[in-house]
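Visitor: Handing you this structure, nothing more for now.
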Amino acid sequence: MKRNRIIAAIATAAILISACGGSGNGTTSGEESGGRSATADGIKDGGTLYVLTFQEGASNLDPQRVYTGAELGAYGSTYARTLTSYVPAAGKDGAGVEPDMATDLGTHSDDLKTWSFTLRDGVTWEDGTDVTCGDIAYGISRTFAAEVTAGEGPMYATTYLDIPEGDSDFGSAYPGPWLATADQQALFDKAVACDGKTITFSLKVPVADFAYTVSLLAFGPVPKAQDTADQYALKPFSNGPFKIESYEPGKEMVMVRNENWNPESDPVRKPHVDKIIWQYGLDEAVIDERMLADSGDDKNAIVYGGIQAENLQTVFGDDSLKDRRTDGFDGFVSYTMFNNETVNCIEVRQAIWLGLDREALRTAAGGPFTGEFAKSFVAPLLATDYAPAKLVDGLNEDGTPNLEAAKAALEKAKTSCPDVYAKATGDGLRFDHPDSDAWKKNIAIWIDSMKAVGVTIIDNPIEPSKYYATINGDRGDIMRSGWAADWANASTVIPELFGKGGGFNYTNNESDPNFAAFDEKVQSAKAETDRAKQATLWKELNQTIIDNVWAIPGSATKSQNLVGSNVRLGYQWLPFGWYNLGAIGLAG
Amino acid sequence: MEPVDTRDDSMDSAGLSPWQLGMRRFRKGRLGVIAFWVVFFFVFVAIFAPIIVRLLNVDPYALDRNSINDFGLPKGPLGSMSWNHPLGVEPGTGRDILGRLIYGTRISLLIGAVGTLLSTGVGVILGMVAGLRRGWIDSFISRIGDVALAFPSLLLIIALANPMTQRLESWGVPRGNTAKLTYILAILTIFGWVYMARLVRGQVLSLRERDFVEAARSFGAGTCHLVFKQLLPNLWPQIIIFVAMSLPGYVALEATLSFLGVGLQAPTASWGIMLGDSVRYYRTDTAYLFIPGGALLLLVLGFNLLADGLRDAFDPRSDRQQL
Amino acid sequence: MFFFVARRSFFAVILLFVVSIFTFWIFSALPADPAALTCGKNCRPEVIEANRARLGYDKPFIEQYGSYMKGIFAGRTYGEDESGVHCSAPSLGYSYDRHECVTSLVAKTLPVTASIAIGAFVLWMFFGIALGTMAALRRGKWPDHFATVFSVVGISFPSFFLGLLSILIFVIWTNILPFPQYVGITENPFKWFTALILPWTVLAVLSASTYIRMTRNGILEVMNEEFVRLGIAKGLPRRTLIVKYVLRAALTPIATIAGIDLAFLLGGALVTESVFNLPGLGKLTLAAVINSDLPILVATTLVAAVFIVVANAVVDIMYGFLDPRVRSK
């Protein structure tokens, strides 16, 4: 049945760098890349591809507001071209960027604060007019308009661009194109300057991987004449190989080929199908059933939303499905945050980690297929910055609780921090989590395993749609979260989750005496231009977080997919953890 | 089973109150009596849940990793039914379904009983006030009733569930299920009192005109005397029927709310939470859906048959003594 | 007669007015900050403030209510003029979550709910009256027993449980029907029918019991009345008697309840739409509950209330025509 399945994690643009060398303690789950369906074997041009999904519609079609991994990939490869794009290839090749609307990956000043890109010839909108530098600048300027884009998309434009601080909604002096006075507009036009086909960005901080930043759809163009403000979310204007013919949330979206798209101008997209039909609001059970049956049009179908946990046994128990299924990391790491101000006692935090039945939590979610026990807050797919950290002494590898060690740690807390000890074992610690189906069970496992240690848990379920807004204001002692990198650099993970002023730092770790040194190192890592040195710093910082137990890493999560038997080039595109619609095609 | 009363009504019914008369007739209806025992069974289970659970050795809250496989699904057939888990285990955690079912009886019956009690109580009081006072008080109460009935109640119950629970918490009601239960009971009362009030008001208005009330009045009987000695005894049958008829709806409501995603909060064992969860597994673990679903059906059926029996027995116009 | 209709209509309008004020008040006085809900992932106090302004939640209640009412009759622009969105009359609000005028969302979902409600209505009226009549005419025999058992079991089923059961039996185990997937009647009447037959049946089974009982008891009561006895004595054919006189007299009170039941269902069959995954008003409401999309919740509550109030008024007026005693009351 269609239930309110709400994805608990916030951030999203999963950029995954290299296939992980399966550290696999999962006995049933291994990497599977799709067999024949991922190759071009027998592919033919034409036909209609179906996308089946339980979602009621797109989270948003407005380029400045898309922020979900799979959707960034899906819309970027169909209707929303950007200055740079990820390489359209399976495996780790897909993790790099290449020029798209731009002629190259940009030129920068020595201090990495000025970046310029030149537009290719022949890049056009769906009405045949040229995509201009002004369109790109206008598109980016929309991010600043809180009254329209409401901070739904990535906010790198506001944090990077060299515009003075001010009193508009995002703390910038520029309030977006609708409300800006001429003076305010001039501030933006200075930061994003157009000279013919050349666009120049002035940044207030050095950014080494700005070529990755501009691959986000939020840095894509919007023609001012076509902009319908909030309603641009329903019918964006296309500059890619497909355009949106009709979109009806709850029912379907039809993407057809854009006749005014010029293949010579586009090195990234090699579309094979004529039409893509998204079928929304389907029952999840029906989707799995249809995919397994593989009849009629469903042979030409892919799924957005994965396989239901209940059906994994069926799908992966049947080797005849080998050429149609995929299984791999999706770039997310789930984790449990402590409020380090109220639980300011490392022994208590260690005791909770040691005593937590992580194995039971994973089994409740569906077992090893759902992910591997994480050893870092950085996903394994972000290979450059990933190193398994040394976890707390006594932690069981298989995820089962080590009660002895947990109790010993708690015993130490009795003397080292009696207040927190008394609270944890007495009134209890408040656990905030989204009130989802899965968490109705997970919380039972938490309560149960903490009871064995001697810690009391006060359950505090929060409406899923309000979860992050709620803990932003009112934090419990323990909180649930999940994260994926915005691009191939842990700079989009560690500072955001644990640094000072990090947009998603709910841990109150600033109160920890070790924080000052940590944050100083974070700042220097951000400014480090030597990528190898930077990676070392991220790994060390990750170890520091784990040593201080500001949060408990949960799982590096995986996702599984099944495609129809005619689907070809249906590979999992690493940056987005989903298919590349700009390449996918059908056989016979 | 109760031995059926074979005596003839006409023999000695002269001095009996309507209550006694009704009870006598009720005992004659076979199905009604069976339904009574079904309901009694559930009430018994609810009251003695902790003891029963211990006697049967089924812990509703203990996790059992050994009875579920690596996918989190029950290992054996039929939701892994076994001697240790007579009705199988819950997918994901391996908690015992029988134990949870037994504890869940408490929540369903609590909502049913208290919800009915509150809405009937409020309805009787407001109906009496309206009937006795008449005038503007009567109009006021009646108009409020009109407004309450103009709302789509289920829709509003669901739409307001989360925000109103938060509001109750901010007023000092303990967080979690206390607040959720308070909300459910309060809103059931808000929407549920009207029919009872209308019924009572009508009865009071017609009783007022009857001889025995007039007589009591002429002897200078006070309002209290009037209400407790004259009106209430005559209203009892109506109240009983109404209670029996609204109970099953309230009992099922907790499950409906959980199904729609606004029910009680885990890890409390409730039928609604079980049903809401089982929907996710209704194809891979069908037994899990049928067990709480069947229990709920049985209980509601029991209440409905009981209500039928009572109506036949107490409503003189009813003509269905035989079923 | 005219005065009766006028008075009853006037009362309905007043009731709607009170209901609308109350609905608006209860949703705008909720503790959760509606402005914070429309805030994305980068939720800062400044963004919340901006949202409050664009949604109009910074204005006093009376003013908010005033502009809402004005929107219904004259249309309304939401947000700042430059970047705002205009919804033409009758505007029930704008959903920033779905980027659409609420009126058009309601207009899209209403046909689905109407398809469900009307189909179910026809089914339950037909079976309810047929079974009820049979039970009354064969009182104490097996049709009577069957009708009684059917009605008490039907009314006892929790609606979602019956829905799931029907899916298990007819879709999953026997494959008699495809999984319900709503298609408009104009698009493909056959698919429309196969998608709705299960929801109709489930709703009919749940509701028919009331009608079975009412029909049965109504007929039995009417049969005892003078004119029927006279008819029998005069030797009128049984069939004519029952169809022409008894049923007509017995069904009048049923029509009253039926009208109101239909109105309730038109306001959104929450459980049924959810079980069968049908994109009607009920599902729109449920999705809005999950996303805390207040403009939609206010609108669906109001739409449902309008159905109920109007149905009540229509039924009362009809009753007034049929029974003069009501008018003078």
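Visitor: Sort through B:VAL243, B:VAL279 and tell me the only one that's within 28 Å of B:SER67 (Cβ to Cβ) and either more than 19 Å from the chain's Cα centre (by Cα) or in a helix (DSSP H, G or I) (or both).
Guide: Exactly one of B:VAL243, B:VAL279 is within 28 Å of B:SER67 (Cβ to Cβ) and either more than 19 Å from the chain's Cα centre (by Cα) or in a helix (DSSP H, G or I) (or both), namely B:VAL279.
Visitor: Have a look at B:GLU169, B:GLU209, B:GLU214 and point out the one that is open to solvent by 40 Å² or more (accessible area, probe 1.4 Å), in contact with a Lys or Arg (Cβ under 6 Å, 6 or more places away or on another chain) and farther than 30 Å from C:LEU16 by Cα. Write out each step before concluding.
Guide: On the way: B:GLU209 fails: in contact with a Lys or Arg (Cβ under 6 Å, 6 or more places away or on another chain); B:GLU214 fails: in contact with a Lys or Arg (Cβ under 6 Å, 6 or more places away or on another chain).
After applying the criteria, what remains is B:GLU169.
The rows are residues; the columns are (1) aliphatic (A, V, I, L, M); (2) at pLDDT below 85.
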residue	(1), (2)
B:TRP171	no, no
B:LEU185	yes, no
B:TYR195	no, no
B:ALA215	yes, yes
B:HIS225	no, yes
B:ALA255	yes, no
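Visitor: If you take the residues in segment A:455-475 that are crowded, with 24+ Cβ neighbours inside 10 Å and either more than 23 Å from the chain's Cα centre (by Cα) or part of a helix (DSSP H, G or I) (or both), which one is nearest to the other protein chains (Cβ to nearest Cβ)?
Guide: Restricting to residues being crowded, with 24+ Cβ neighbours inside 10 Å and either more than 23 Å from the chain's Cα centre (by Cα) or part of a helix (DSSP H, G or I) (or both), the top hit is A:ASP459.
Visitor: Here is a follow-up. Please specify each residue of segment A:476-527 satisfying the condition of being touching a Phe, Trp or Tyr at 6+ places or on another chain (Cβ under 8 Å) and part of a helix (DSSP H, G or I).
Guide: Across segment A:476-527, the qualifying residues are A:ALA490, A:SER491, A:ILE494, A:GLU496, A:LEU497, A:PHE498, A:ASN509, A:PHE518, A:VAL522, A:ALA525.
Visitor: Looking at segment A:256-283 only, could you name the residues that are open to solvent by 40 Å² or more (accessible area, probe 1.4 Å) and under 30 Å from C:LEU164 (Cβ atoms)?
Guide: Scanning segment A:256-283 gives a single hit, A:GLN279.
Visitor: Quick one: which residue in A:LEU429, A:LEU403 is crowded, with 20+ Cβ neighbours inside 10 Å and over 30 Å from A:LEU217 (Cα atoms)?
Guide: A:LEU429
Visitor: Another question about this same structure. What are the residues in segment A:530-574 that are open to solvent by 30 Å² or more (accessible area, probe 1.4 Å), polar (S, T, N, Q) and over 24 Å from the mean Cα position of the chain (by Cα), if any?
Guide: A:SER565, A:ASN566
Visitor: Can you work out which of the residues in segment B:172-188 that are part of a helix (DSSP H, G or I) and either touching a His at 6+ places or on another chain (Cβ under 6 Å) or open to solvent by 20 Å² or more (accessible area, probe 1.4 Å) (or both) is farthest from B:THR120 (Cα to Cα)?
Guide: B:ASN177
Visitor: So, one more: Show the residue pairs that are 6+ apart or on different chains and have beta-carbon atoms under 7 Å apart, the first residue being within segment A:542-560 and part of a helix (DSSP H, G or I), the second being hydroxyl-bearing (Ser, Thr, Tyr).
Guide: A:ASN542/A:SER376
Visitor: Looking at (1) open to solvent by 10 Å² or more (accessible area, probe 1.4 Å); (2) closer than 24 Å to A:TRP446 by Cβ, which is the one condition that is false for B:ILE97?
Guide: (1)
Visitor: What are the residues in segment C:198-228 that are of a type in the set (A, V, I, L, M, F, W, C) and free of Cβ contacts under 8 Å to residues at least 40 places away in the same chain, if any?
Guide: Result: C:VAL222, C:PHE227, C:VAL228.
Visitor: Exactly one of (1) in contact with a Phe, Trp or Tyr (Cβ under 9 Å, 6 or more places away or on another chain); (2) in contact (Cβ under 8 Å) with a residue 40 or more places away in the chain is unmet by A:THR363. Its number?
Guide: (2)
Visitor: Separate question: Any residue at all in segment C:41-53 that's in contact with a helix residue (DSSP H, G or I) (Cβ under 6 Å, 6 or more places away or on another chain), open to solvent by 20 Å² or more (accessible area, probe 1.4 Å), within 10 Å of another protein chain (Cβ to nearest Cβ) and modelled with pLDDT of 85 or more?
Guide: Checked segment C:41-53: no residue is in contact with a helix residue (DSSP H, G or I) (Cβ under 6 Å, 6 or more places away or on another chain), open to solvent by 20 Å² or more (accessible area, probe 1.4 Å), within 10 Å of another protein chain (Cβ to nearest Cβ) and modelled with pLDDT of 85 or more.
Visitor: Ok, one more. Under 6 Å by Cβ, and 6 or more places apart or on different chains, what pairs join a residue from segment C:127-141 that is within 13 Å of C:ASN217 (Cβ to Cβ) with one that is surrounded by fewer than 20 Cβ atoms within 10 Å (Cβ to Cβ)?
Guide: Close Cβ pairs satisfying both conditions: C:ALA135/C:PRO143; C:ALA136/C:LEU220.
Visitor: Suppose we filter B:VAL124, B:VAL114, B:VAL53, B:VAL38 for residues that are without any contact (Cβ under 8 Å) to a residue 60 or more places away in the chain and more than 14 Å from chain A (Cβ to nearest Cβ); which single one remains?
Guide: Sole residue among the options that is without any contact (Cβ under 8 Å) to a residue 60 or more places away in the chain and more than 14 Å from chain A (Cβ to nearest Cβ): B:VAL53.
Visitor: Now, a different point. Yes or no: C:SER151 under 27 Å from C:LEU270 (Cα atoms), hydroxyl-bearing (Ser, Thr, Tyr) and surrounded by fewer than 22 Cβ atoms within 10 Å (Cβ to Cβ)? Steps first, answer last, please.
Guide: On the way: under 27 Å from C:LEU270 (Cα atoms): yes; hydroxyl-bearing (Ser, Thr, Tyr): yes; surrounded by fewer than 22 Cβ atoms within 10 Å (Cβ to Cβ): no.
It is false that C:SER151 is under 27 Å from C:LEU270 (Cα atoms), hydroxyl-bearing (Ser, Thr, Tyr) and surrounded by fewer than 22 Cβ atoms within 10 Å (Cβ to Cβ).
Visitor: I would also like to ask the following. Counting only residues that are touching a residue at least 60 places away in the same chain (Cβ under 8 Å) and open to solvent by 10 Å² or more (accessible area, probe 1.4 Å), which one in segment B:286-303 is farthest from the chain's Cα centre (by Cα)? Walk me through it before giving the result.
Guide: Of segment B:286-303, the ones touching a residue at least 60 places away in the same chain (Cβ under 8 Å) are B:287-288, B:291-292, B:295-296, B:298-299, B:301-303.
Filter once more, keeping what is open to solvent by 10 Å² or more (accessible area, probe 1.4 Å): B:287, B:291, B:295, B:298, B:301, B:303.
On the way: B:ALA287: 26, B:ILE291: 20, B:ALA295: 14, B:LEU298: 13, B:LEU301: 12, B:PHE303: 8 Å.
My answer is B:ALA287.
Visitor: Just to be sure I understand, how many residues within segment C:287-299 are more than 8 Å from chain A (Cβ to nearest Cβ) and at pLDDT below 90?
Guide: 5
Visitor: Same structure, new question: Of the residues in segment C:271-286, how many are at the interface with another protein chain (Cβ under 9 Å from one of its Cβ atoms) and touching an Asp or Glu at 6+ places or on another chain (Cβ under 7 Å)?
Guide: Within segment C:271-286, residues that are at the interface with another protein chain (Cβ under 9 Å from one of its Cβ atoms) and touching an Asp or Glu at 6+ places or on another chain (Cβ under 7 Å) number 3.
Visitor: Further question: With respect to the numbered conditions (1) aliphatic (A, V, I, L, M); (2) open to solvent by less than 30 Å² (accessible area, probe 1.4 Å); (3) away from every other protein chain (no Cβ under 12 Å), which one is the sole condition not fulfilled by B:LEU156?
Guide: All conditions pass for B:LEU156, except number (3).
Visitor: If you don't mind, another one. Answer with yes or no whether A:ARG290 is within 14 Å of chain B (Cβ to nearest Cβ), open to solvent by 10 Å² or more (accessible area, probe 1.4 Å), over 30 Å from A:LEU395 (Cβ atoms) and not in a strand (DSSP E or B). Give the derivation first.
Guide: Details: within 14 Å of chain B (Cβ to nearest Cβ): yes; open to solvent by 10 Å² or more (accessible area, probe 1.4 Å): yes; over 30 Å from A:LEU395 (Cβ atoms): yes; not in a strand (DSSP E or B): yes.
In short, yes.
Visitor: Is there a residue being under 24 Å from the mean Cα position of the chain (by Cα) and within 14 Å of chain C (Cβ to nearest Cβ) anywhere in segment A:505-517?
Guide: yes
Visitor: Return the total of residues in segment A:139-172 being closer than 19 Å to A:PRO63 by Cα and away from chain C (no Cβ under 13 Å).
Guide: 4
Visitor: Given the condition buried (at least 22 other Cβ atoms within 10 Å of the Cβ), facing chain B (nearest Cβ under 8 Å), touching a residue at least 24 places away in the same chain (Cβ under 8 Å) and not in a helix (DSSP H, G or I), answer yes or no: does some residue in segment C:306-321 qualify?
Guide: No, every residue in segment C:306-321 fails to be buried (at least 22 other Cβ atoms within 10 Å of the Cβ), facing chain B (nearest Cβ under 8 Å), touching a residue at least 24 places away in the same chain (Cβ under 8 Å) and not in a helix (DSSP H, G or I).
Visitor: Just need a number here: residues in segment A:214-247 that are surrounded by fewer than 23 Cβ atoms within 10 Å (Cβ to Cβ), within 14 Å of another protein chain (Cβ to nearest Cβ) and in a loop (DSSP other than H, G, I, E, B).
Guide: Qualifying residue count, segment A:214-247: 4.
Visitor: Check A:ILE307 against each of (1) at pLDDT below 95; (2) under 30 Å from A:GLY454 (Cβ atoms); (3) β-branched (Val, Ile, Thr) and name the one condition it does not meet.
Guide: With respect to (1) at pLDDT below 95; (2) under 30 Å from A:GLY454 (Cβ atoms); (3) β-branched (Val, Ile, Thr), A:ILE307 is out only on (2).
The values are calculated or read from the model by the stated rules, or taken from the named source; none is laboratory data. For clarity, every value in this text was computed on a predicted model and none was experimentally measured. Please note: Cβ atoms are built from the backbone with ideal geometry, for glycine as well, and neighbour counts cover all protein chains shown. These accessible areas exclude ligands, DNA and RNA; they are computed on the full protein's heavy atoms, side chains included. Shrake-Rupley method; radii C 1.70, N 1.55, O 1.52, S 1.80 Å.
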